[in-house]
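The values are calculated or read from the model by the stated rules, or taken from the named source; none is laboratory data. Bear in mind the structure is a predicted one, so any value in this text is a computation, not a measurement. No Cβ is skipped: glycine too gets one built from the backbone with ideal geometry, and neighbour counts run over all protein chains shown.
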Amino acid sequence: MRFQARVEVQLRPGIADPEGATIERALPALGFDGVAHVRAGRSFSFEVDADDEGAARQKAAELADRLLANPVIEQSHLELEAI
Amino acid sequence: MPTRIGVVVFPGTNCEHDVVHAVEALGGQGELLWHGDTHLGLVDAVVLPGGFAHGDYLRPGALARFSPIMDAVSQFAAAGGPVVGICNGFQILTEAGLLPGALQKNGRLRFLCQPSRLTVTSTASVLTRQASIGQELSIPINHFSGNYTCDPTTLRSLQDADRIVLRYADNPNGSVDAIAGIANEGGNVVGLMPHPERAASALTGSEDGLVLLGSLLDAARASAAA
């Protein structure tokens with residue numbers, strides 16, 4: 001079976017995010033009021049071949065934590081869908 | 001026989017010749033090592049120099065740590081061999097788990113290329129053994145991701161075990177505790193963001209990096225004799 005995976009990587013809560021903070025500071029000047037707690041991150045998508053959803057999830061999660069995210073400062077969120 | 005310093009070249013490394021030049025000015029012998037090799041050869045110390053290994057894609061150091069030579073570097077470090085990561089090399093050492101913590105984007109999101117004022121805060125490392133505590137050094141920095149960060153427990157263990165070897169006088173990148181360089185528990189693996197090889201001649205503005213590279217040569221000599 002083939003699955004579409006999407007992994008979102010963001011800095012852990014509590015870790016300073018200068019990119020998100022800079023975006024947030026720019027918002028009032030652009031007319032976007034009432035927007036708070038901006039966090040920047042990255043998104044990855046890839047396809048995984050596996051026997052079932054559990055195996056695909058395990059493989060994708062390991063890939064996310066060993067490579068896509070640096071667990072010292074980042075966390076990842078995985079979404080999986082059969083295709 | 002001269003002391004041999006292996007300098008690892010990844011695709012995108014760009015400070016390897018500066019390191020070799022500085023090492024040879026100090027009487028050592030520099031030897032370039034290709035990242036795709038699996039052996040270090042007969043070197044007495046290893047330097048991971050600065051640059052943009054693997055284009056810094058994903059995160060600085062994230063892909064370089066999977067380069068074939070890194071297993072040999074880890075084994076050399078585990079056996080007590082001196083290993084120093086400069087700038088991008090420091091980022092690679094943290095990604096590889098040879099040093100704790102991580103290097104984030106600079107606090108003000110600025111690429112910094114300027115002299116930095118440093119203070120030696122520990123001499124219990126292969127990079128600072130010939131320096132003295134409190135010694136002030138002027139050595140250039142040249143990075144976008146040099147903002148050292150780690151969890152509070154790790155920070156305490158670095159502080160308590162005398163593993164913070166260099167601090168910035170004015171902390172230009174926002175590093176926790178103004179950290180510019182740290183060592184592992186054994187003091188034989190060191191990472192630092194400043195470039196000592198660029199402060200190795202009065203011609204280029206400073207010779208303050210020589211005490212650090214001289215320490216490394218001394219440690220390499222001692223480690224080879226042991």
_Exactly one of these conditions fails for B:VAL20: (1) in contact (Cβ under 8 Å) with a residue 24 or more places away in the chain; (2) under 16 Å from the mean Cα position of the chain (by Cα); (3) buried (at least 18 other Cβ atoms within 10 Å of the Cβ). Give me its number._
(1)
*Of the residues that sit in region B:104-137 and are within 13 Å of another protein chain (Cβ to nearest Cβ) and of a type in the set (S, T, N, Q), which one is surrounded by the fewest Cβ atoms within 10 Å (Cβ to Cβ)?*
B:ASN106
*Show the residue pairs that are 6+ apart or on different chains and have beta-carbon atoms under 8 Å apart, the first residue being within region B:177-193 and surrounded by fewer than 24 Cβ atoms within 10 Å (Cβ to Cβ) and at pLDDT 95 or above, the second being part of a strand (DSSP E or B) and of a type in the set (A, V, I, L, M).*
B:ASP177/B:ILE164; B:ASN184/B:VAL190; B:ASN188/B:VAL83
_I want to confirm something. Restricting to region B:138-158 and keeping residues that are in contact with a helix residue (DSSP H, G or I) (Cβ under 7 Å, 6 or more places away or on another chain) and assigned to a strand (DSSP E or B), which single residue is nearest to the other protein chains (Cβ to nearest Cβ)?_
B:THR149
